[in-house]
Amino acid sequence: MDATGAYGGGKAGGAFDIQAFVQRPPVIVRAVCWLFSVIVMGCISAKGWYIDPSDKNEYCAYNKDTNACNYGVGISVIAFIASIGFIAGEYLFEQMSSVKTRKHYVLADMGFSAFWAFLYFVGFCYLSNAWGKTEVAPKGTANNMQGAIAFCFFSIFAWVACAFFAFQRFRLGAEAAFAPSYEVQGAAGSPGAFPAYPGAPDPAPAPVYSDPPFSHQQPAGNIDYTAPTY
């Protein structure tokens, strides 16, 4: 991961390299999340609903649990939109000149990715349980229903990977924030010291003595003393 800029991103204003961009691990994982969301959403939308011949009503293939189908489609639709948004955010991340803006983006990425990994875990457990209770699967729905469950499971790891990459960025930014930002090069008046504020007068040169001061003191005991006159 390029760590030349704040929070592991490139320096703002740098040239954009499309080949390097699509090969970055966070972008690849985001694309995988997007693909998995499409698969889960497509499997449930295509075969998740059927009409019962006995009463002519439409039911969800997961043990006639409407909430199971709605949950699977709902989290996948939001994951689909979020994946596109975060891929666009990866592109804009290089253009963010503000360190605070990058920090907010990284925190949002880490929090959302971790939360969505948890929601996919709940979805995997929910759909698996509902499918296990289905006594007779509607004809032609088994492959789609099982496929949706499988890709819910795969999505857990994809979103955890997104959260991990975001955490790495956050750690890089935190380490940079607490690193020493200056180095004392010398005392005042010495070469390499910090310059004075703009417009300040030049410091006066240090006095130069040809001989050490007070070096011509008279020997003790030969001092002539004159009494004061009042």
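Values as computed for the structure displayed
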| read-out | value |
| --- | --- |
| Among (1) of a type outside the set (G, A, S); (2) in a helix (DSSP H, G or I); (3) free of Cβ contacts under 8 Å to residues at least 12 places away in the same chain; (4) farther than 17 Å from F151 by Cβ - the single one E90 does not satisfy | (3) |
| Selected residue (only one of N222, N129, N144 is touching a Cys at 6+ places or on another chain (Cβ under 6 Å) and either farther than 24 Å from P26 by Cβ or modelled with pLDDT under 55 (or both)) | N144 |
| Which listed residue, of Y50, Y59, Y91, is on the phi < 0 side of the Ramachandran plot, in contact with a Pro (Cβ under 8 Å, 6 or more places away or on another chain) and modelled with pLDDT under 95 | Y50 |
| Set A196, A187, A200: member being touching a Pro at 6+ places or on another chain (Cβ under 9 Å), in a loop (DSSP other than H, G, I, E, B), modelled with pLDDT under 60 and farther than 23 Å from C60 by Cα | A196 |
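One line per residue, one yes/no per condition, for (1) assigned to a strand (DSSP E or B); (2) touching a Phe, Trp or Tyr at 6+ places or on another chain (Cβ under 7 Å); (3) surrounded by 22 or more Cβ atoms within 10 Å (Cβ to Cβ); (4) modelled with pLDDT of 90 or more:
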position	(1), (2), (3), (4)
Q19	no, no, no, no
V38	no, yes, no, yes
C43	no, no, yes, yes
A68	no, yes, yes, yes
V73	no, no, no, yes
S76	no, no, yes, yes
G85	no, no, no, yes
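The values are calculated or read from the model by the stated rules, or taken from the named source; none is laboratory data. In this text the structure is predicted, and so the values were computed from the model without any measurement. FYI the Cβ positions are ideal-geometry reconstructions off the backbone, even for glycines, and counts take in every protein chain you see.
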